[in-house]
Amino acid sequence: MASSILILSNSDSGLYDFRKEVLKALMEKGFHVLVSVPDTGYVERIKALGCEYIPTAFERRGMNPFQDMKLLLFYRRLIKTHSPAAVLTYTIKPNIYGGLAARLTGTPYLVNVTGLGTTLEHGGVLQKMIVLMYRTALKKASCVFFQNQGNRDFLVQRGCVTGKTRVIPGSGVNLKEHLPQEYPADTPVRFVSIMRLMKDKGIEELLIAAQRIHERHPDTLFQILGAYEEETRQLYEPRVKALEEKGAIRYYGYRDDVPEFLKECQAVVHPSYHEGMSNVLLEAAATARPVLASAVEGCLDTFEEGRSGLAFAPQDADSLEEALERFLSLPYEKRREMGLCGRRF
């Protein structure tokens, strides 16, 4: 019987969209791949790859000690039942509780830190708690992967990681699936943002800048793809609807046909406050689309300033507005060339 690898993550769509090549490669190496993620509609696609699926459920956001302890015990039971050769974890809770479970059972494990997350970025008591949990969870990891040097330095300096580390350039992008597309005509100018609608993804600044730009340039349209975070839905939904009525933005909710939107847009706007390595920007560049993004690690790594994209200050609607104006002032051929430079980069 083939040795098995257990994959733990918080998102079936993220695992399929950004890491199916990893799953395939493990199976090609002869491993039986077990996947434990919450089911939000992508599980059948994961199973179609040849993976065995194990149902799991947990709260992606927030800290509930009772629920988190249940998750730890579930992961430990999972490892004891299936005796995998190794465990590979992605995202914060699987990294912490999956790492702890693997350590408790003496199972080799590898951890992929896809980003530090809102809590670690903002400091305070919760940050201290999570740092302490990371110290315990990552202590015996065979290797901890990071998507940018800043994230690695943050956890190493706080004593969370003492063993082998490796910085890898994000989840990567499949250049056979994301092909360069012909650049669209100049009007209407469509800016696309693909994001969860929450403060740390820059939704505040995007809504402010979109309204201002649309008032001066009525032929521009800001398209927003992504789901609301339920805890802030009441805050942002009325503002989004008000701007939709003005014709400044169009909100599409969560979509699994993102390439179609990338194909039709002139540029991708990504105002995130922090990133591991932005998959959105990697896919935009692969499609040969210019990007306008926050000047933070994980965004800056994906483009060349002035050649394939424009940076703006994070958490600054004025800076975002200025970058949009700079882009709109560029002639068609320059915008198109920026997209092609992104693909090459």
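Structure data summary
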read-out	value
Rounded to 10°, Cα long-axis angle of helix 203-216 versus longest principal axis of the chain	10
Value at 222 nm in deg cm²/dmol, rounded to 500, when DSSP H runs of n ≥ 4 in the chain each add -39,500 (n - 2.57)	-13000 deg cm²/dmol
Cα gyration tensor, the range 1-130 - rounded (a/c under 1.5), prolate or oblate	prolate
GluC sites (Glu not before Pro) lying in DSSP loop within the range 16-97, provided at most 13 other Cβ fall within 10 Å	59
Net charge contributed by nearby residues that have their C-beta within less than 13 Å of residue 35 (K/R +1, D/E -1)	+1
The chain - charge dipole about Cα centre, Lys and Arg +1 at Cβ, Asp and Glu -1, debye rounded to 20	1600
Accessible carbon and sulfur surface of the chain relative to its total accessible area, %, 1.4 Å	53
Net charge, residue 143 excluded, C-beta distance under 10 Å - Lys, Arg +1, Asp, Glu -1	+2
Spread of Cα-to-Cα distances over 10 Å intervals beginning at zero, given as percent, for the range 1-67	21, 51, 21, 7
Å² per residue, accessible surface of the chain at 1.4 Å	45
Charge dipole (debye, nearest 20) of the range 10-146; +1 at Cβ of Lys and Arg, -1 at Cβ of Asp and Glu	480
Hydrodynamic radius by Kirkwood, which averages 1/r over all alpha carbon pairs of the range 74-159, in angstrom	13.1
Label-point separation, residue 153 to residue 242 (7 Å along Cα→Cβ), nm	4.0
Shape of the range 166-300, Cα gyration tensor, a/c cut at 1.5	oblate
Positive-end residue of 99, 203, 173, charge dipole of the range 69-220 with Cβ unit charges	99
Crossing angle, helix 332-344 versus the chain [Cα axis fit, 0-90 degrees, rounded to tens]	20
25 Å tail of the calculated P(r), the range 76-228, as % of Cα pairs	49
Acute angle (nearest 10 degrees) that the helix 317-328 long axis makes with the longest principal axis of the chain, alpha-carbon atoms	60
Loop trypsin sites (Lys or Arg not before Pro), the range 25-106 (other Cβ atoms within 10 Å of the site Cβ: 11 or fewer; DSSP)	29, 60
Overall Cα dimensions of the range 259-316, principal axis frame, Å, largest first	28, 21, 18
Over the chain, equivalent-ellipsoid semi-axes from the Cα gyration tensor in Å	37, 21, 19
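The values are calculated or read from the model by the stated rules, or taken from the named source; none is laboratory data. Source: prediction; values computed, not measured. Reconstructed Cβ throughout: ideal geometry from the backbone, glycine too, with neighbour counts over all protein chains shown. For the accessible areas, the whole protein counts, side chains as well, though only heavy atoms, and no ligand, DNA or RNA atoms are used. Shrake-Rupley method; radii C 1.70, N 1.55, O 1.52, S 1.80 Å.
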